[in-house]
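Taking it in order: structure first as structure tokens, then the write-up.
Every number in this text was worked out from the coordinates using simple rules, so none of it is lab data. Source: prediction; values computed, not measured. Virtual Cβ from ideal backbone geometry, glycine too; neighbours counted across all protein chains shown.
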């Protein structure tokens, strides 16, 4: 019912979004006589703000057509190297990469937590000059037909294992936020079974490996509501107009509403500053706002089974941390990992995964030698700053590269 109401709202807002978009251009385009009338800038700014508040946001493009290697611009192309019902594995292939010698391969496991994998665009951009980068590009669950069945957290773990095996034993697995848990599980099971394709290292960034530590607002929501509340309140069916019609999902618009509700004052301030930038003709600040919210407001639906499993296993029962997680009859035991290096990274000001939640992997993976493990806390850094922005590019990414290249 919630989804149907949301679709109705979108249908009602669509004409308004189209009208305000056109009107904004009429009052701002240099070839339009209306742009030279009194108050044209104020009218155009108001129309654009209303348009952006009411428009539908589609999945953004990666927009990574080139990278700089040794001072030269090198073309980059996207290739889907594995295509599963709920995920595509995308390789960002650099032109003539083989002629420069082999670079470390990184499997960047993107979160399946509401946003598209393109949220990691800045992560990929910083890694490209010195690494072969592969990214898990998760498919919006509303686009997956029912015939492909359910998708559980355990299936996520198996997907990670399949991608690691496809890329080979020298790959470095890098998990950002939510996938830190299934990545540890995937590597633990591979280590316990002496899988010859287990990765060379795990880089875990800002994730809830042990959500009991320094609980945040996100953790508290999961623990103050019973499992049945999530099952009965936030799960809905995909409407008929999508390929996944009838599939049970946790709708992306609900996750987006939760994101906004965590910091409503910051978003109101950001939109007001955007309006002022339009009035003042500050094109750079206005464009930065557009880029951020084009990404932030583009959300996807999660399979209901996966979302509910995550609530129960990760945030309510802490099964990875307590050693109670079983996948297909096998217990997930991180202490089975002995020869996969470990680098954990946290943000000092992270309000999504509190300090210590990711570092907990250092204790769980107790059999990894000290010479092959490292932890770093990025001071003054929030959740998104771990993988995007100046601090990521200048402080964190170089540490990851050094860790990978200096492994014994």
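Rounded if a/c is under 1.5, else prolate if a/b is larger than b/c, else oblate: which is region 109-248, with a ≥ b ≥ c the root eigenvalues of its Cα gyration tensor? Cα axes put region 109-248 in the prolate bin.
Label sites at residue 269 and residue 74, each approximated as a point 7 angstrom past Cα along Cα to Cβ, lie 4.1 nm apart.
A straight chain from residue 395 to residue 61 at 0.36 nm per residue would run longer than the Cα-Cα distance by 117.6 nm. Projected label points at residue 262 and residue 165, each 7 Å from Cα along the beta carbon direction, are separated by 3.4 nanometres.
If you line up the long axis of helix 252-262 against the longest principal axis of the chain, both from Cα atoms, how many degrees apart are they, to the nearest 10? In the chain, helix 252-262 runs at an angle near 90 degrees to the longest axis. Compute the Cα gyration tensor for region 271-403, then decide on rounded, prolate or oblate, letting a ≥ b ≥ c be the square roots of its eigenvalues: rounded whenever a/c is under 1.5, prolate when a/b is larger than b/c in the other cases, and oblate in all that remain. Oblate, since a/c reaches 1.5 and b/c is not below a/b.
A helix-only calculation puts the chain at -11500 deg cm²/dmol for mean residue ellipticity at 222 nm, using -39500 (n - 2.57) for each DSSP H run of at least four residues, averaged over all residues. Relative to the longest principal axis of the Cα atoms of the chain, the long axis of helix 264-280 lies at roughly 50 degrees. FRET efficiency for the pair residue 93 and residue 143, taken as 1/(1 + (r/R0)^6) with r the Cβ-Cβ distance and R0 = 30 Å, rounds to 0.75. Simple spin-label estimate for residue 349 and residue 227 gives 3.7 nm between the two label positions (7 Å along the Cα-to-Cβ direction from each Cα).
With respect to the chain, whose longest principal axis is taken over its alpha-carbon atoms, helix 40-54 is tilted by about 40°.
For region 290-366, the gyration tensor built on C-alpha atoms gives an oblate shape. Its axis ratio a/c (a ≥ b ≥ c) is at least 1.5, and a/b is not larger than b/c. Rounded to 0.05, the FRET efficiency of the residue 83 and residue 276 pair, given R0 = 45 Å and the Cβ-Cβ distance, is 0.50.
Arranged from fewest to most other beta-carbon atoms within 10 Å of their beta carbon, 253, 230 become 253, 230.
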